[in-house]
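The values are calculated or read from the model by the stated rules, or taken from the named source; none is laboratory data. Computed from a predicted structure; not experimentally measured. As a convention, Cβ positions derive from the backbone with ideal geometry for all residues, glycine included, and neighbour counts pool all protein chains shown.
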Amino acid sequence: MTTTDLPPKSVSSDAEPPGVGPGGVDPRMRERWIEVRRAEGRRRLWILGCAMAVVALLGIGFVVARSPLFGAGTVTIRGAGSISAGAVRSAARIGDGEPLLFLDTVAVARRVEALPAVDHAMVTTELPNTVIITVRERRPVGVVRGTGVAPVAVVDHDGRVITRVATAPPGLPVIVGAGPAPGLGQRLALAVAPRGISAMSPQLRVAVTRFIVIKGVATARLATGSQPVTVIRFGRVEDMRAKSEVALAVMDDLARRAQRVRLLDVSVPSAPATR
């Protein structure tokens, strides 16, 4: 019997080991990779949806905020006495239907404070359509006489001209020596006089008819016949509250003794003198 030796079968190097799919990738790894890609896709879709929802809400909010539903319709003025409500509204320049949520309240307050008689303004809003402007007026302390159709300038404690009128209002002293009467809303060249009047005791202030400052020395003339003193010399316009209280005490003592004097000098409060 003839035996023929056959060559052994060769194993192809391209054969895939058990459990390995096409391309040499484990099916379990492929499935895991596919699941990860799907999860990333779903996350991107969710983020995109949220972004679109936020943009949509912002757009709706912007439209609603600028709609007439939240537009300025009522402007309420508080604290105005000598100033007319119409003048405050005109200065505020708030357009009819102007969106309240976008209203620059600081800018409105500054426009109102530009009025000569306004010391401070505060602007608030109340939805759906109300604007409230609260003003604090400047308090007049004296007048300065000038020229023109309205020659009398009414000034506050800082020397700012609140208004100009033809006749001086009652109860306000005439200021002398503070320079010429400036225009409406402007300040006196020398504001020391109105500041001195403002610092006086209110009880004495109402009795003063003229307040004169010459070369830094202040004197006050009182209403004729109503006080036991005609003129009070204050000296420099400093410590006016203390000086005025000393003057009141001396005047009370003179009144009790039924005495009258022409001059009371309180330039040194601790040593008042009369003559």
Fill in the blank from the handout: Counted residues in the stretch 251-274 being surrounded by 14 or more Cβ atoms within 10 Å (Cβ to Cβ) and either part of a helix (DSSP H, G or I) or under 44 Å from the mean Cα position of the chain (by Cα) (or both) come to 8
Fill in the blank from the handout: Of the residues in the stretch 159-180, those that are touching a helix residue (DSSP H, G or I) at 6+ places or on another chain (Cβ under 7 Å) and at negative phi number 3
Handout entry: Scope the stretch 199-250; condition outside any strand (DSSP E or B) and among the polar types (S, T, N, Q); matching residues
Key = Ser201, Gln203, Thr224, Ser226, Gln227, Ser244
Exercise for the section: Could you please give the count of residues in the stretch 108-140 that are touching a strand residue (DSSP E or B) at 6+ places or on another chain (Cβ under 6 Å) and in a strand (DSSP E or B)? Expected result: 16
Handout entry: Residue identified as within 18 Å of Pro140 (Cβ to Cβ), without any contact (Cβ under 8 Å) to a residue 60 or more places away in the chain and in contact with a strand residue (DSSP E or B) (Cβ under 7 Å, 6 or more places away or on another chain) among Val192, Val217
Key = Val192
Handout entry: Residue that is nearest to Leu188 (Cα to Cα) [pool: residues in the stretch 112-150 that are basic (Lys, Arg) and surrounded by fewer than 17 Cβ atoms within 10 Å (Cβ to Cβ)]
Key = Arg145
Exercise for the section: Can you tell me which residue among Gly148, Gly183, Gly142 is touching a helix residue (DSSP H, G or I) at 6+ places or on another chain (Cβ under 8 Å) and either within 24 Å of Lys215 (Cα to Cα) or in the same structural domain as Ala223 (by TED's automatic domain parsing) (or both)? Expected result: Gly142
